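Structure, as structure tokens:
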Amino acid sequence: MNSEEMKKLIIKSFSEEKNSHAFLFVTNNVDRCYQDCLDIIKKINCDTGSADNCDCNICNTIDKKTNPDVISVFPDGKEIKKDQVLEIIHKFSMKPSINKYSTYVIVNADKMNDATANKMLKFLEEPEGKIIGFYITDKLSAILPTIKSRCEIFNYRFGANSILDILEITEDEYGTYYDYATQLIKMLNDSPKYVLMSESKAFAKKERFEIEAILKLISKIYTIKFENVTVGKYSEYEFVNNLLDIIETNEVKKIVKRINLLDNIINDFKINVNKELFINKLFIRWE
């Protein structure tokens, strides 16, 4: 069973009210698995019954990381600390505010220290009907055995069976961002600067999280191109050919320069309020 089939199976278990209260995903791609968790959370809570390209309040707030009933915990430095999970326990002592379920996701769950793991164990031993937990790890052996025994475990692996696998995105992300990202790549390849400056105004009108997602997708496409040009990594996958052809150059220096520019812009964009300024900077510096 591939990751997409597992995701559908989990969502179905909620619709049939046969779901677990805690899931442990053992994965070879923690970041991609986290995005799939958010997709599952949207689908089991969505007002419309389907989170595919949904614009409801629940799906929007989950995308923007502002949903009051969803908590994501990441390692603070080298470990996940007790105070981080105490927030979950405190916040979820009340009923969900807007969702059907209060949901938490612990990313790199193997990084929980002993105090954290034992605190979460107590939380798992006394499950509430409307609280759902997702634990993500790439090191199953580092998870406390008593925590493993209280979770439904999925071997959540990713391969290269589709364009989604290659780009490490979900179906929703593909439907929302892919066409614009590829269109923008073509414009950057061929359009004069005055056309790009006009496009920057339209691009800047998008939400910050949308702009960041599109820029990350463009960077990923360029990384795939780089890996294919240098080591032929994707030459065996016919479905990648169209993606590779979007980028007009095979010149390694130029590809690397563009990847570095994109990554720098993405990092700076996170801490700058002026969206159009940074989009203009990207378009002006593009070569």
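The values are calculated or read from the model by the stated rules, or taken from the named source; none is laboratory data. Please read these numbers as outputs of a predicted model, since none were measured by experiment. When we count neighbours, we look across all protein chains shown, and the Cβ atoms used for this are built from the backbone with ideal geometry, even at glycine. Remember, those area values only see protein heavy atoms, side chains included, never the ligands or the DNA or RNA. Shrake-Rupley method; radii C 1.70, N 1.55, O 1.52, S 1.80 Å.
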Single residue of Ser141, Ser219 found to be modelled with pLDDT under 90 and assigned to a helix (DSSP H, G or I) = Ser141
May I ask you to list the residues in region 113-143 that are open to solvent by 20 Å² or more (accessible area, probe 1.4 Å) and under 19 Å from Lys18 (Cβ atoms)?
-> Pro127, Glu128, Gly129, Lys130
Could you run through region 43-99 and say how many residues are touching a strand residue (DSSP E or B) at 6+ places or on another chain (Cβ under 8 Å), in a helix (DSSP H, G or I) and surrounded by fewer than 16 Cβ atoms within 10 Å (Cβ to Cβ)?
-> 2
If you scan region 108-138, which residues turn out to be at pLDDT 90 or above, among the polar types (S, T, N, Q) and not in a helix (DSSP H, G or I)?
-> Asn108, Thr137
Enumerate the pairs (first residue in region 116-131 and β-branched (Val, Ile, Thr); second residue anywhere and outside any loop (DSSP other than H, G, I, E, B) and surrounded by fewer than 19 Cβ atoms within 10 Å (Cβ to Cβ)) with beta-carbon separation below 6 Å, excluding pairs fewer than 6 apart on the same chain, so at least 6 apart or on different chains.
-> Thr116/Lys82
Ile271 being out of contact with any helix residue (DSSP H, G or I) (no Cβ under 9 Å at 6 or more places or on another chain) and among the aliphatic types (A, V, I, L, M) = yes
Report, by residue number, each residue of region 152-172 that is surrounded by fewer than 19 Cβ atoms within 10 Å (Cβ to Cβ) and out of contact with any strand residue (DSSP E or B) (no Cβ under 9 Å at 6 or more places or on another chain).
-> Gly159, Ala160, Asn161, Ser162, Ile163, Leu164, Asp165, Glu168, Glu171
Does Thr249 fit the bill of being outside any helix (DSSP H, G or I), surrounded by fewer than 18 Cβ atoms within 10 Å (Cβ to Cβ) and β-branched (Val, Ile, Thr)?
-> yes
Does any residue in region 56-84 that is more than 19 Å from Ile143 (Cα to Cα) come within less than 6 Å, Cβ to Cβ, of a residue that is modelled with pLDDT under 90 and of a type in the set (Asp, Glu) six or more places away or on a different chain, and which pairs are these?
-> Cys56/Asp47; Ile58/Asp47
State whether the residues of region 144-151 include one that is surrounded by 19 or more Cβ atoms within 10 Å (Cβ to Cβ), within 24 Å of the chain's Cα centre (by Cα) and either modelled with pLDDT under 95 or charged (D, E, K, R) (or both).
-> yes
Output for Cβ contacts, cut-off 8 Å, separation at least six or different chains, first residue in contact (Cβ under 8 Å) with a residue 40 or more places away in the chain and among the aromatic types (Phe, Trp, Tyr) in region 135-162, second open to solvent by 50 Å² or more (accessible area, probe 1.4 Å) and not in a loop (DSSP other than H, G, I, E, B), reads none
